[in-house]
Amino acid sequence: MTAPTLLTPAATRPGGRAPSRALQIAHFSDTYLPRRDGVISSLHTLTEALTAAGHGCLTVVPRHRQQPAAPELLGLRALACGVADLRLLPWPTNAQVERVAAWGPDLIHVHTPGPVGLLGTLVARRLGLPIVHTYHTDLHAYVDAYRIPIAALRLLVRLYARRLGVTDPPRADGRTRHGVVDAVNGLLLTDADAVVVPTPAVLARAGLPVPQQRIFLVPAAVPERAGTAGPAAFRDRYGIAPTDRVVLFVGRVNREKGVDLLLPAFARILAAEPQARLVLVGAVYERRWLRRLIECSGVVGDRVVVTGQLPGGSVADAYAAADVLAFPSRTDTQGLVLQEAALAGVPSVLADPVLHRSGAIGETAVLADGSPAGFAAAVTRLLRDPAAARRQGAAARARAVRHTPQRYGAAMLDVYRHALARAGS
């Protein structure tokens, strides 16, 4: 199937214009701090850019005791679901709809398809407001990676349809996880005024039930991060020698992120470059699985450093200490860590040809084939040729610095203008 030509928001083109009045935008996300992921990073960057431009933002999320209190944050009672440290809203209620309505939103922006996203859809329909969805996540890959039972997904479709008052929900192949995900997408996205995709990779993996003229391509941006202690202190903290060559991974250390490709690839890297160290920065939710993977790969344990989830300043220190960023995932729709690495001047190696063609830093990253041997060869070439690695990192940085948070915010404001016009607001 040929992917449609996406509309680029006018704010990113000469003559583009954003809404002329200040807007009140209510954002809905099922994932939020203290977790760290691409959705949270995109949402935080966007709301900061919108607020700086004079617009109001309310962010509706599952409540967590470690969240900072803020007037622009509405945390709702949530329960741990046992998957990747997520907390989920038990179910959207009329009282929650009224709490959001009292804030006086002009537009609803839904960032995830869970119960909080369902609440956002419900608010938009009850109040007659325009709604924008961002399709951040390759849901088909995730339901497979986390082995969500098909029966549970079917039940979810029925519950969503009932809560939205849909008597004839979209039909899909209920025999597969992907078919049920398509049905959920049909319930949430069909009447959206605009659907945002961060890269064309989304449409290469999922057929969205939305007309082409309502799909907008808006890559998220990331701000440049300042480190807290510096690269030498980071290396010292984790026992990494000054002469060690650091292969860095940043993200959830989990199945869907390609860690099962990275570990056997690193065994080959280590055989070629004995001073290589693999540093895994990110939350680990399946420690026994990771331990078995390291053991089966044949990598000596002290050559792999697992830091766990780190605050932003420490992640910046990790980039500053790195020689290469390894990005083995083939499920990401954007890979914001690629932009973070690029801003730090660190070259990246990818295994995903779709993201390599269409991502924010494009072909300034190195594309490897999807085998451990091929991925290892690409990383090893950069480790053995520091001058080439520096050139690659500089080219990536030159590309990344052009895509600023301010430009991201302006592009999203133009999408909101389209949504408001379509809804007649």
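The values are calculated or read from the model by the stated rules, or taken from the named source; none is laboratory data. Bear in mind that the values here come from a model prediction, so they are computed numbers and not experimental data. Virtual Cβ from ideal backbone geometry, glycine too; neighbours counted across all protein chains shown.
Some notes on this structure:
- Of residues in the range 192-207 being more than 15 Å from the chain's Cα centre (by Cα) and modelled with pLDDT of 90 or more, the one surrounded by the fewest Cβ atoms within 10 Å (Cβ to Cβ): Asp193
- One residue from Ala316, Ala342 being farther than 26 Å from Tyr142 by Cβ and in a helix (DSSP H, G or I): Ala316
- Hits in the range 345-382 - residues which are among the aliphatic types (A, V, I, L, M) and outside any loop (DSSP other than H, G, I, E, B): Val349, Leu350, Val354, Leu355, Val366, Leu367, Ala373, Ala376, Ala377, Ala378, Val379, Leu382
- Here Asp369 meets the list (1) exposed (fewer than 15 other Cβ atoms within 10 Å of the Cβ); (2) over 30 Å from Leu129 (Cβ atoms); (3) at pLDDT 95 or above almost entirely, failing just condition (3).
- Candidate set from the range 270-288 (those that are in contact with a Lys or Arg (Cβ under 7 Å, 6 or more places away or on another chain) and without any contact (Cβ under 8 Å) to a residue 60 or more places away in the chain); member that is nearest to Val253 (Cα to Cα): Leu278
- Pick from the range 190-205, criterion out of contact with any helix residue (DSSP H, G or I) (no Cβ under 6 Å at 6 or more places or on another chain) and assigned to a loop (DSSP other than H, G, I, E, B), ranking: farthest from Ala124 (Cα to Cα): Pro198
- Only one of the numbered conditions (1) touching a residue at least 12 places away in the same chain (Cβ under 8 Å); (2) in a helix (DSSP H, G or I) is violated by Asp236, and that is (1).
- Number of positions in the range 326-345 that are acidic (Asp, Glu) and closer than 13 Å to Val401 by Cβ: 1
- Checked against the criterion of being touching a strand residue (DSSP E or B) at 6+ places or on another chain (Cβ under 8 Å) and on the phi < 0 side of the Ramachandran plot, the candidates Arg402, Arg422, Arg384, Arg390 yield just one match: Arg422.
- Cβ-Cβ under 6 Å pairs, at least 6 apart or on other chains, the range 334-345 side within 15 Å of Val324 (Cβ to Cβ), far side of a type in the set (Ser, Thr, Tyr) and not in a loop (DSSP other than H, G, I, E, B): Leu338/Ser348; Ala341/Tyr319; Ala341/Ser348; Ala344/Tyr319
- Checking each residue in the range 383-411 for being in a helix (DSSP H, G or I) and either at pLDDT below 95 or touching a Gly at 6+ places or on another chain (Cβ under 9 Å) (or both) picks out Arg390, Gly393, Ala394, Ala396, Arg397, Arg399, Ala410, Ala411.
- Within the range 143-177, the set of residues being surrounded by fewer than 18 Cβ atoms within 10 Å (Cβ to Cβ), in a helix (DSSP H, G or I), under 22 Å from the mean Cα position of the chain (by Cα) and not charged (D, E, K, R) comprises just one member, Ala145.
- Residue pairs whose Cβ atoms lie under 6 Å apart, sitting 6 or more positions apart in sequence or on different chains, and linking a residue in the range 295-307 that is over 12 Å from Leu262 (Cα atoms) to a partner that is surrounded by fewer than 18 Cβ atoms within 10 Å (Cβ to Cβ), are Val305/Tyr238.
- On inspection, Ala365 does not qualify as assigned by TED's automatic domain parsing to the domain that holds Thr134, of a type in the set (Gly, Ala, Ser) and within 19 Å of Gln334 (Cβ to Cβ).
- Restricting the range 84-141 to residues that are modelled with pLDDT of 95 or more and of a type in the set (Lys, Arg), the residue that is nearest to Val196 (Cα to Cα): Arg125
- Taking the listed residues Arg245, Arg214, Arg268, Arg277, the one that is at pLDDT 95 or above, touching a strand residue (DSSP E or B) at 6+ places or on another chain (Cβ under 6 Å), surrounded by 18 or more Cβ atoms within 10 Å (Cβ to Cβ) and farther than 25 Å from Glu340 by Cα is Arg214, with no other qualifying.
- If the condition is being within 22 Å of Pro274 (Cβ to Cβ) and not in a loop (DSSP other than H, G, I, E, B), then the range 239-258 contributes Arg245, Val246, Val247, Leu248, Phe249.
- Residue ID - surrounded by the most Cβ atoms within 10 Å (Cβ to Cβ), chosen from residues in the range 346-366 that are touching a residue at least 60 places away in the same chain (Cβ under 8 Å) and among the small types (Gly, Ala, Ser): Gly359
- For the range 313-327, the candidate set comprises residues that are of a type outside the set (Phe, Trp, Tyr) and out of contact with any Pro (no Cβ under 8 Å at 6 or more places or on another chain); within that set, the residue that is farthest from Ala233 (Cα to Cα) is Ala326.
- Test for Ala321: is it modelled with pLDDT of 95 or more and within 30 Å of Val197 (Cα to Cα): no
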